[in-house]
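Undergrad: Dropping the structure in here first, questions after.
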Amino acid sequence: MSGHTRTGIDSPLVRSISATLSALPAYQSALADAPPAYTEVGIRHSYYTEDSLDASAVTFGSRSRYDIDVTQLWIEAPVGGSWSVALDVQNDAMSGASPWFVGVGLDGEPGVVMSGASIKDNRVEVGVTTRYFWADGNAGLAISHSDEDDYRALSFAFDASWNSDDNARTWTASASRSNDTVTPVKERIPVFIDEESLQTQSLYFGVSQILSRTQIVRIGLSYTMSEGYLTDPYKFADHRPEDHDRWTLSSGYRQFYSALDGALQVDYRLYSDSWGTDSHTLEVGWHQNLGRHVLAPYLRYYTQSEADFFSPIADREADYYADDYRLSSYGALTAGLRWTVQLGDWQIETQAERYQSDGEWGLFSGEEAPALVDFWRATVGLTWRFD
Amino acid sequence: MTGIKIMRLPVLFFASLLSLLHPATAPADGAITKAPDFRLPAIANADGTIGLDSYLGKVTYLDFWASWCGPCRLSLPALDALYKELRSEGLEVVAVSVDVVDEDSLDFLQRYSVSYPVAIDTTGDIARSYAVGGMPSGYLIDRTGVIRAVHVGFKRGDEEKLRQEIMELLEE
Amino acid sequence: MKPVVVKLIVVCGLNLLTGCAGPEPVAPWERGYLADPAMQWQRSAREAKFAGHVYTSKEASSGGSGAAGGGCGCN
């Protein structure tokens, strides 16, 4: 349909219907602005494993790093005509070692001293989301609690989306808050705090626009502010500012190709924070419908600049300092593949992803940290929907 | 919020919230709208083509739906129940799928089977002539062929309102 | 911010917002392709949550996908 508006039709008959309806809602997608038509129950199990560090990068300690087993369980159900409720439970079983500090190795190059004996920790997160739907939009309230040996977080999030008159544009706004408490476990390595707290608040505003029958685009801006204890208590040479302000500008684009029965998915995010880190994230994916199957490969490129107070070997005399590889400049490439099968009311999903990072792959200059992370993650999941 | 709505407040966030507190507004006086006629290929519960002209003299609910429409998973079974209940009193239901491909509709009807006739409008011409404002959209047409109510969208509980409107027309 | 960053905002932002031509009206019955799961912003809500958690705990950046979540699980 080119250049035809809904009300641009000539007969008086249709004009009167059009006038009647011009302000009425339409569904922008099958999921928008109506509670789900069915109840969904699902389970996912994921395995995350980091590559061992190169022998040359480790001065002392184990070369092996983190492994995490993640189990996600959820139920999401419509309640009455206008509400839905979701309950999410997630368990993360973590084990392994992580970098304690970076020193000068026997070869004179920076080398990692690992945290020694294997750490075991378990994190349990429980979240409840209620959502209200009306003709032109929906709003949700989510409460979540996360608990592990050394970290507790309670967070609240509110979001609302509403559609324009012609339902071609959707506005979204959200606000969230998280209150976290850090209580480091002291048996592993020297720790200098007992209990610290951290408050984080975040705002997001975005808009999506239908461009044609097969194209949709969105853009959004977010601001996050943290105040409190942001230092990593398990790192020997880590002292970070007590404030952290972060901005993101994110955008996404989807285009459906009906001849191929598939869609191109492009997402880009620009990030900038008060610690001097800027980053770019670009993700490109393809979603191929194949009858009951879907194959969705994707590629992700990420690059960040180092934080102002980062150096490969921390200067403990400075106001703020860190040798954490996560604050260094580097680039990372991710490749993943997702495969889902729909069998009646059941859906099976499998996904695998490889992540590799390298100081040379970044767009920003800076000294490379010796402990950049590479990992695999894989997921299997089963979802059941019933009316 | 999917009842008969002839006039609506501007679509604003808070206005929408507020409008939930008010009952649906009545049709404007004198807004007489004849249902546009059509002839479309049948895909279920009828042979050949389906035309609105053969329903003149009956209370008819004309429903536009699509296989990709989420709320249609609720509206089709609900309409089928109403049809089975009120058919003997003179209610007719005609559904028009706006799917581009027949198979998508047939797959959907296998999952959510209905007993009323279903036609398909792959070009969207008939949906356009009815100025369909959302999916699903239902038009309640009286015995003289005049559109008396329009339902856009569908949620649980809407079948009650719809049943009442149909009963009123059947008693006319 | 660096000039390259500003340039990227402008180019990506404008390109994505305007597309090749302006938006054309899309009628409610023409939204079948837009309703396809291929056109969703997230692969799935739970996958997005997990992926977001992994990237956020291994990279310096976070946010941009909506509201912030809780918990750390970052080592």
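The values are calculated or read from the model by the stated rules, or taken from the named source; none is laboratory data. From a predicted model like this one, the values you see are computed outputs, not experimental measurements. FYI the Cβ positions are ideal-geometry reconstructions off the backbone, even for glycines, and counts take in every protein chain you see. Just so you know, the surface numbers come from the protein's heavy atoms only, side chains and all, with ligands and any DNA or RNA stripped out. Shrake-Rupley method; radii C 1.70, N 1.55, O 1.52, S 1.80 Å.
Undergrad: Going by the conditions given, is A:D166 within 11 Å of chain C (Cβ to nearest Cβ), more than 30 Å from A:W100 (Cα to Cα), at pLDDT below 95 and open to solvent by 60 Å² or more (accessible area, probe 1.4 Å)?
TA: yes
Undergrad: Look through the stretch C:31-62, keep the residues that are within 19 Å of A:D273 (Cα to Cα) and polar (S, T, N, Q), and return whichever of them is farthest from the other protein chains (Cβ to nearest Cβ).
TA: Of everything passing the filter in the stretch C:31-62, C:T56 is farthest from the other protein chains (Cβ to nearest Cβ).
Undergrad: Let me ask you something else. I need the full set of residues from the stretch A:132-141 which are within 18 Å of A:S176 (Cβ to Cβ) and surrounded by 21 or more Cβ atoms within 10 Å (Cβ to Cβ), in order please. Break it down into steps so the answer makes sense when it comes.
TA: Initially, the stretch A:132-141 is screened for residues within 18 Å of A:S176 (Cβ to Cβ), giving A:132, A:138-141.
Selection gives A:N138 alone.
Undergrad: Which of the numbered conditions does A:E368 fail, given that it passes all the others? Conditions: (1) open to solvent by less than 50 Å² (accessible area, probe 1.4 Å); (2) more than 11 Å from every other protein chain (Cβ to nearest Cβ); (3) in a loop (DSSP other than H, G, I, E, B).
TA: (1)
Undergrad: Which of the residues belonging to the stretch A:344-365 are over 29 Å from A:V294 (Cβ atoms) and part of a loop (DSSP other than H, G, I, E, B)?
TA: Across the stretch A:344-365, the qualifying residues are A:G362, A:L363, A:F364, A:S365.
Undergrad: Still on this structure: Could you run through the stretch A:184-208 and say how many residues are away from chain C (no Cβ under 13 Å) and within 30 Å of A:Y253 (Cβ to Cβ)?
TA: The total comes to 0.
Undergrad: If you check A:E76, A:E125, which single one turns out to be on the phi < 0 side of the Ramachandran plot, of a type outside the set (A, V, I, L, M, F, W, C) and either in a loop (DSSP other than H, G, I, E, B) or open to solvent by 40 Å² or more (accessible area, probe 1.4 Å) (or both)?
TA: Details: A:E125 fails: either in a loop (DSSP other than H, G, I, E, B) or open to solvent by 40 Å² or more (accessible area, probe 1.4 Å) (or both).
Of A:E76, A:E125, the one residue that is on the phi < 0 side of the Ramachandran plot, of a type outside the set (A, V, I, L, M, F, W, C) and either in a loop (DSSP other than H, G, I, E, B) or open to solvent by 40 Å² or more (accessible area, probe 1.4 Å) (or both) is A:E76.
Undergrad: I'd like to know if the stretch C:65-72 contains one or more residues that are in contact with a Leu (Cβ under 7 Å, 6 or more places away or on another chain) and at pLDDT below 75.
TA: Looking for residues that are in contact with a Leu (Cβ under 7 Å, 6 or more places away or on another chain) and at pLDDT below 75, one finds at least one in the stretch C:65-72, hence yes.
Undergrad: Residues in the stretch B:116-138: is at least one among the polar types (S, T, N, Q) and within 22 Å of B:T33 (Cβ to Cβ)?
TA: Yes, some residue in the stretch B:116-138 is among the polar types (S, T, N, Q) and within 22 Å of B:T33 (Cβ to Cβ).
Undergrad: Here is a follow-up. For the stretch A:93-119, give me each residue that is at positive phi and crowded, with 17+ Cβ neighbours inside 10 Å.
TA: A:G96
Undergrad: Also, quick follow-up: Out of the residues in the stretch B:63-85 meeting the condition of being outside any helix (DSSP H, G or I) and touching a helix residue (DSSP H, G or I) at 6+ places or on another chain (Cβ under 7 Å), tell me which one is most open to solvent (accessible area, probe 1.4 Å).
TA: Checking each candidate, the answer is B:S67.
Undergrad: Which residues, taken from the stretch B:88-102, are open to solvent by less than 10 Å² (accessible area, probe 1.4 Å) and of a type in the set (D, E)?
TA: So in the stretch B:88-102, the residues open to solvent by less than 10 Å² (accessible area, probe 1.4 Å) come out as B:91, B:93-99.
Across the stretch B:88-102, the qualifying residue is only B:D99.
Undergrad: While we're looking at this one, here's another question. With the condition kept exactly as written, say whether any residue in the stretch B:75-90 is out of contact with any Ser or Thr (no Cβ under 7 Å at 6 or more places or on another chain) and under 18 Å from C:A35 (Cα atoms).
TA: Scanning the stretch B:75-90 turns up at least one residue that is out of contact with any Ser or Thr (no Cβ under 7 Å at 6 or more places or on another chain) and under 18 Å from C:A35 (Cα atoms).
Undergrad: Could you list, ordered by first residue, the pairs with Cβ atoms under 8 Å in which the first is in the stretch A:64-75 and more than 11 Å from chain C (Cβ to nearest Cβ) and the second is of a type in the set (A, V, I, L, M) and open to solvent by 20 Å² or more (accessible area, probe 1.4 Å), at least 6 apart or interchain?
TA: From residues that are more than 11 Å from chain C (Cβ to nearest Cβ), the pairs are A:D69/A:A93; A:I75/A:V41; A:I75/A:L87.
Undergrad: Hey, does the stretch A:111-129 have a residue that's facing chain C (nearest Cβ under 9 Å) and of a type in the set (S, T, N, Q)?
TA: Yes.
Undergrad: Which ones in the stretch B:109-126 are buried (at least 21 other Cβ atoms within 10 Å of the Cβ), within 14 Å of another protein chain (Cβ to nearest Cβ) and not in a loop (DSSP other than H, G, I, E, B)?
TA: B:A119, B:I120, B:I126
Okay, residues lined up against (1) open to solvent by less than 30 Å² (accessible area, probe 1.4 Å); (2) on the phi > 0 side of the Ramachandran plot; (3) among the charged types (D, E, K, R):
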{"position": "A:A57", "(1), (2), (3)": "yes, no, no"}
{"position": "A:F60", "(1), (2), (3)": "no, no, no"}
{"position": "A:S82", "(1), (2), (3)": "yes, no, no"}
{"position": "A:D88", "(1), (2), (3)": "yes, no, yes"}
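Undergrad: Here is a list: A:Y234, A:Y268. Which entry is modelled with pLDDT of 95 or more and either at the interface with chain C (Cβ under 10 Å from one of its Cβ atoms) or not in a loop (DSSP other than H, G, I, E, B) (or both)? I'd like the intermediate steps shown before the answer.
TA: Numbers: A:Y234 fails: modelled with pLDDT of 95 or more.
When all the criteria are applied, what remains is A:Y268.
Undergrad: Still on this structure: Give A:I189, A:I193, A:I210 a once-over and let me know the one that is surrounded by 17 or more Cβ atoms within 10 Å (Cβ to Cβ), assigned to a loop (DSSP other than H, G, I, E, B) and either in contact with a Cys (Cβ under 7 Å, 6 or more places away or on another chain) or of a type outside the set (F, W, Y) (or both).
TA: Testing whether each residue is surrounded by 17 or more Cβ atoms within 10 Å (Cβ to Cβ), assigned to a loop (DSSP other than H, G, I, E, B) and either in contact with a Cys (Cβ under 7 Å, 6 or more places away or on another chain) or of a type outside the set (F, W, Y) (or both) leaves just A:I189.
Undergrad: Turning to a different aspect of this structure: Hey, does the stretch A:274-291 have a residue that's at pLDDT below 95 and surrounded by fewer than 15 Cβ atoms within 10 Å (Cβ to Cβ)?
TA: So far as the stretch A:274-291 goes, yes, one or more of its residues are at pLDDT below 95 and surrounded by fewer than 15 Cβ atoms within 10 Å (Cβ to Cβ).
Undergrad: Continuing with this model, one more query. Could you give me the residue pairs with C-beta distances under 8 Å whose first residue belongs to the stretch C:38-55 and is surrounded by fewer than 19 Cβ atoms within 10 Å (Cβ to Cβ), whose second residue is of a type in the set (F, W, Y) wherever it lies, and which are 6+ apart or on separate chains?
TA: C:Y55/A:Y302
Undergrad: Any chance you could count how many residues in the stretch A:338-361 are of a type in the set (A, V, I, L, M, F, W, C), within 20 Å of A:L282 (Cβ to Cβ) and surrounded by fewer than 14 Cβ atoms within 10 Å (Cβ to Cβ)?
TA: 0
Undergrad: So is A:A314 at negative phi, touching a strand residue (DSSP E or B) at 6+ places or on another chain (Cβ under 8 Å) and not in a strand (DSSP E or B) or not?
TA: So A:A314 passes the test.
Undergrad: Is it the case, given these coordinates, that A:R44 is more than 30 Å from A:F192 (Cα to Cα) and either modelled with pLDDT under 80 or among the polar types (S, T, N, Q) (or both)?
TA: Numbers: more than 30 Å from A:F192 (Cα to Cα): yes; either modelled with pLDDT under 80 or among the polar types (S, T, N, Q) (or both): no.
No, not satisfied.
Undergrad: Let me ask another. Quick one: A:R254 ticks every box in (1) among the basic types (K, R); (2) more than 18 Å from the chain's Cα centre (by Cα); (3) surrounded by fewer than 22 Cβ atoms within 10 Å (Cβ to Cβ) bar one, so which box is it?
TA: Single failed check for A:R254: (3).
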